Amino acid sequence: MTTQIHPVDHELIQAAAHVARTRCQGDNHTMAAAARARDGRIVTAVNAYHFTGGPCAELVVIGAAAAQGAYELDTIVAVGDRDRGVVPPCGRCRQVLLDYFPALKVIVGEHDRIRTVLITDLLPESYIWADHQLDAE
């Protein structure tokens, strides 16, 4: 696997960190995500924690983006509350992000090792849902 590194979108990290600081309160909202749409808009969201498996911030930001008419996302990042910094997407989010946006860039890493990689680099040997759908006849 060759990891492709792209420029880090620091504005996106700052947007997610701001939401994490100002909107994540209590145990229900502990993560914030920010995504840049192809048209340059930044969309933010927080997770909706629930013991039944409430959606992560990355999944909520997909819905928030769609509600704003942004159906193509270019880059995404998640940031934890209480100054935890950038947090990589969980396995479920990686799969959903890959299925929705196969060319998506994801910001990962800690402190001075922050980097931007393709979603495909986070899921090598991926199962691509669309590749396994039967054509309707």
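The values are calculated or read from the model by the stated rules, or taken from the named source; none is laboratory data. Owing to the predicted nature of the structure, the values given are computational and were not obtained by experimental measurement. All Cβ positions, even for glycine, are placed from backbone atoms using ideal geometry, and neighbour counts span all protein chains on display. With ligands, DNA and RNA removed, areas are computed over all heavy atoms of the protein, side chains included. Shrake-Rupley method; radii C 1.70, N 1.55, O 1.52, S 1.80 Å.
What the table below lists for this structure:
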quantity	calculated
Solvent exposure of the chain as accessible area per residue, Å², 1.4 Å probe	59 Å²
5 Å binning of all Cα-Cα separations within the chain, expressed as whole percents from 0 upward	2, 11, 20, 23, 20, 13, 6, 2, 1, 0, 0
Candidates Asp99, Asp74, Asp39, ranked by Gaussian network fluctuation over the chain, Cα under 10 Å, top entry	Asp39
Whole-Å semi-axes of region 1-50's equivalent ellipsoid (Cα gyration tensor)	24, 14, 10
Relative contact order, percent, region 24-137 [alpha-carbon distance under 8 Å, six or more residues apart]	19 percent
Value of [θ]222 nm, deg cm²/dmol, for the chain, DSSP H segments ≥ 4, -39500 (n - 2.57) each, nearest 500	-8500 deg cm²/dmol
Förster radius 41 Å - calculated FRET efficiency between Ala130 and Arg82, Cβ distance, rounded to 0.05	0.65
Gain on full stretching of the segment that runs from His10 to Asp112 - 0.36 nm per residue minus C-alpha separation	35.5 nm
